[in-house]
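What follows is calculated from the coordinates using simple rules that are stated; it is not laboratory data. Please read these numbers as outputs of a predicted model, since none were measured by experiment. Ideal geometry is used to build each Cβ from the backbone, glycine not excepted, and the neighbour counts take in all protein chains shown.
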Amino acid sequence: MRSSFFVRLVNDPFGDPALYVRVAHRREALLFDCGDLHALPARDLLKIRAVFVSHAHIDHLAGFDHLLRTFLYRRQPLLVHGPPGLGERIGHRLAAYTWNLIDGYPLSIEVREWAADGAGQARCFRASRAFRPEAPRFFACPAGLLHETTHYRVRAVSLEHGDIPCLAFALEEKLHVAIHRDALDRLGYPPGPWLSRFKDLVRADAPQDTPVQVARHDGTMVVRHLGELTAEIAHCEAGMKIVYVTDASPSPANAEQILRLAADAHLLAIEACFAEADQHLAAERNHLTAGLAGALGRRAGAKKLLVFHHSPRYQAQPRRLQDQAQAAFRGAGES
Ligand SMILES: [Zn+2]
Ligand SMILES: [Zn+2]
């Protein structure tokens, strides 16, 4: 399957958590956690449409000001999702600055808080109103659904992280429309923006006789019916799934939630904070060990494992946690 999402850690595994996910062919990106973001160039930052914050510990949220600084002149609203109470925290961050000269700025920030009962609270902050919080409104987030486009959705579950909740997220492509490149060559249809429009129509389950304009190699346009075109150049399969898990106590309840969320994921990005020999520290500090992270990925049937959020105590052995996690993921036991 061709990737619909291109995933990268913003920092090395010892740095602050932040996972940048670019959506293929869409000039848009999503950000999971918002630690130090200085390693991201402005052109990448500006693609971010929505941010998903697991919890408000400083290593997961310290990059918010950097994001705000870069976005101040942007027309596109910024969506920030996170656990209950995040709206108030973001409100405090915004209130910490002086905003008397930004009346004409278009930026708005909407903070949407996940809720266990499916009734989330959203709060909007507009530059034109000096980022004063507007009255909260409620939005439906059934079964943890926080964000949905025609193309993908993001769901959250709440994990225990000591005595606070920490959200884990699943990004799911709704339907993967695979294009047969050889058919495009044969028909003389070069890839281009028309192909994204075609895929959107397929995903939206548009009527088979919907006309689709196709730009040909020689610059002429041809109009085809969606059904015919689909049969000739594409097939559909289950979409990609990327799961992000961090700052979770090593408890059976968390393991069960993670296994459900990460079932059959194409990629599980998961914290690996402590080594197996330091399980007592993992329990005390409410984090996962590398071995547990790998074992959860294996049991969930994830295809790939990406680990991050290493404790600085292992800096002298930079591969130790990676190796332990990947060994457990392969079922090879501890190393
Ligand atoms: Zn953390
Ligand atoms: Zn934490």
Radius, Kirkwood style, for segment 225-335 when every pair of distinct Cα atoms is counted (Å): 14.8 Å
Taking the simple approach of a point 7 Å from Cα along Cα-to-Cβ for both residue 194 and residue 181, what is their distance in nm? 2.0 nm
Inter-probe distance in nm under a simple model that places probes 7 Å from Cα toward Cβ, at residue 138 and residue 208: 4.3 nm
Once phi is turned into θ = phi - 60°, what whole-Hz ³J(HN,Hα) does the Karplus curve with 6.51, -1.76 and 1.60 give for every residue of segment 222-229, x standing for Gly and Pro? 10, 9, 10, 7, 3, x, 4, 4
So for the chain, Kirkwood radius off the Cα pairs, Stokes-Einstein at 10 °C and 1.306 mPa s: how many µm² s⁻¹? 74 µm²/s
Highest mean first, how do 320-330, 297-307 rank when packing is the count of other Cβ atoms within 10 Å averaged over residues? 320-330, 297-307
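Using only C-alpha atoms and all pairs of different ones, pull out the Kirkwood radius for segment 175-238 in Å with one decimal.
Working: mean 1/r = 0.0852 Å⁻¹.
Taking the inverse mean of 1/r over all distinct Cα pairs, segment 175-238 comes out at 11.7 Å.
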Sequence-distant aspartates and glutamates (8 or more away, or on other chains) whose Cα lies within less than 13 Å of residue 303: 264
Once you list every other residue whose beta carbon is under 9 Å from the beta carbon of residue 174, what net charge do they have if Lys and Arg are +1 and Asp and Glu are -1? -1
Is the C-alpha gyration tensor of segment 115-157 telling us rounded, prolate or oblate? Criteria: a/c under 1.5 is rounded; beyond that, a/b larger than b/c is prolate, otherwise oblate. oblate
The chain - mean residue ellipticity at 222 nm from DSSP helices (-39,500 (n - 2.57) per run, n ≥ 4, rounded to 500): -7500 deg cm²/dmol
